Amino acid sequence: MTSHIKPIILVVLGVGLSRTAEAQIERRDFLIPGGAGRLHVREERDHRNAKPRNLILLHGGGPGGVPSFDLPVAGYSLAEGFGKRGFRVFVMDVRGWGSSTKPREMDEPPQKSAPLVLTKEAADDIETVVGWVVRRTHEKTALLGWASGGHWACAYASRGPAALSAIILLNTLYSVIAPWELRPSMQDKENPEQFGRHAGGYRIVDRSGLLRRWDAPVPSADKTEWRDPAVADAYVWQTLGTDPTASTRNPPSVRIPIGYQVDAFNLSLGRPLFAAKDIRVPVLIVRGELDFWSRPADLSALARDLVNSPKVHTVTIKGGTHYLFLDRPDHGRSQFVSEVSNFLT
């Protein structure tokens, strides 16, 4: 390694090859200074690609990066799928998620702190990881943000970073005054225009909580028609595995910061977190038709407001859920991977 890549602290999970026989993708895990201490980044690369393009995958407010994008189920690692298509993929964890350092407040009961990890902090973490990726590879990088990761990505992109080549947004809220089905569960009982004052700093989610929102919009009583049960199991256990305190609770559960909920609540009421006009890179906006988080109005309004982006493309995936890239290929996964790959090439 060259001397300017000093942010690498250690390889925490070693080096491994792809789980599939047809590809030889190398995985390396790093912890770099940032956030509340250290930020976790997984690098994946198929060394048969001589000149891979960089792509960072950014989780949302549920599980961290690896449970979202690199499940150990053949055909269901989004990171590996993009690696096969010529990308050098980096899966990151914002502070408080995955294997990144958790804020100290998360070691205390949730009621003792205000909502943790707001958009500015997430954008700061993205800036740290993007800088590390560019120094490591000497190339710009694209950034793909899912759900809350989308508005985090936009907040970072609105800073005008020279290191960014494009952003891809999946099922992302934007600042539009429109109905939002999750608002009642977050609003303050005495002041519905404000986020709940007693929400605390983080939430605790068990298996049923991790799958509830995935199950709800699936238009089939048998959820296995829509997703592979092995994927759902891996999604849950990989998520629980990122929290060392998970097994101390019954049932096992994971701690998740809720600052993203505050930001989403405000976005749903038309309160902006960033200026879309300040984003000056190509933008692909993708929404699943059955998504419960974003709204059709978010897609159209954001596309309209990206007045200084050199290229804006919007796609609605018919029948796609919030988790479309983890659903079976014919329920949105295949189309999403193709749309992203085509946009970036």
TODO: Express the C-alpha Rg of the chain as a ratio against the empirical globular expectation 2.2 N^0.38 Å, rounded to two decimals.
DONE: 0.93
Open item on the list: Could you report the chain's accessible area per residue, 1.4 Å probe, as an integer in Å²?
Closed with: 41 Å²
- [ ] Describe numerically, in nm with one decimal, the distance between label points set 7 Å from Cα along Cα→Cβ at GLN194 and at GLN24.
- [x] 6.1 nm
- [ ] Provide the solvent-accessible area of TYR323, counting protein heavy atoms only and rolling a 1.4 Å probe, rounded to the nearest 10 Å².
- [x] 20 Å²
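For the chain, calculate the relative contact order in percent as a whole number, restricting contacts to Cα pairs under 8 Å that are 6 or more residues apart. Show your work: numbers first, answer last.
On the way: 752 pairs, mean separation 60.2, N = 345.
For the chain, the relative contact order is 17 percent.
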Open item on the list: With an 8 Å Cα cut-off and a minimum separation of 6 or more residues, compute the relative contact order for the range 244-345 in percent.
Closed with: 23 percent
Task: Estimated inter-spin distance, LYS318 and TRP237, nm [label 7 Å along Cα→Cβ] - done: 3.7 nm
Task: Heavy atoms of SER220 accessible to a 1.4 Å probe, total area in Å² rounded to 10 - done: 20 Å²
Open item on the list: Nearest 500 deg cm²/dmol is fine: what mean residue ellipticity at 222 nm does the chain get from its DSSP H runs of n ≥ 4 alone, each adding -39,500 (n - 2.57), divided by its residue count?
Closed with: -8500 deg cm²/dmol
TODO: Add +1 for every Lys or Arg and -1 for every Asp or Glu among the other residues with Cβ under 14 Å from the Cβ of LEU326, and state the total.
DONE: -3
- [ ] With θ set to phi - 60°, apply the Karplus curve 6.51 cos²θ - 1.76 cosθ + 1.60 along the range 54-64 and write out the HN-Hα couplings as whole Hz, x wherever there is a Gly or Pro.
- [x] 7, 8, 9, 9, 10, 5, x, x, x, x, x
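Carbon and sulfur atoms: what percent of the 1.4 Å accessible area of the range 139-191 do they account for? Before the final figure, lay out each step's value.
Values: 940 of 1880 Å².
Carbon with sulfur: 50 percent of the solvent-accessible area.
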Task: In the chain, lysine pairs closer than 26 Å at Cα, eight or more apart or cross-chain - done: 21
Open item on the list: Less than 10 Å Cβ to Cβ from ALA36, Lys/Arg counted +1 and Asp/Glu -1: what total charge do the surrounding residues give?
Closed with: +1
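The values are calculated or read from the model by the stated rules, or taken from the named source; none is laboratory data. On a predicted model such as this, the values are computed, not experimentally measured, just so you know. Methodologically, a virtual Cβ is constructed for each residue, glycine included, from the backbone with ideal geometry; neighbour enumeration extends over all protein chains shown. Accessible surface is based on the protein model in full, side chains and every heavy atom, while ligands, DNA and RNA are left aside. Shrake-Rupley method; radii C 1.70, N 1.55, O 1.52, S 1.80 Å.
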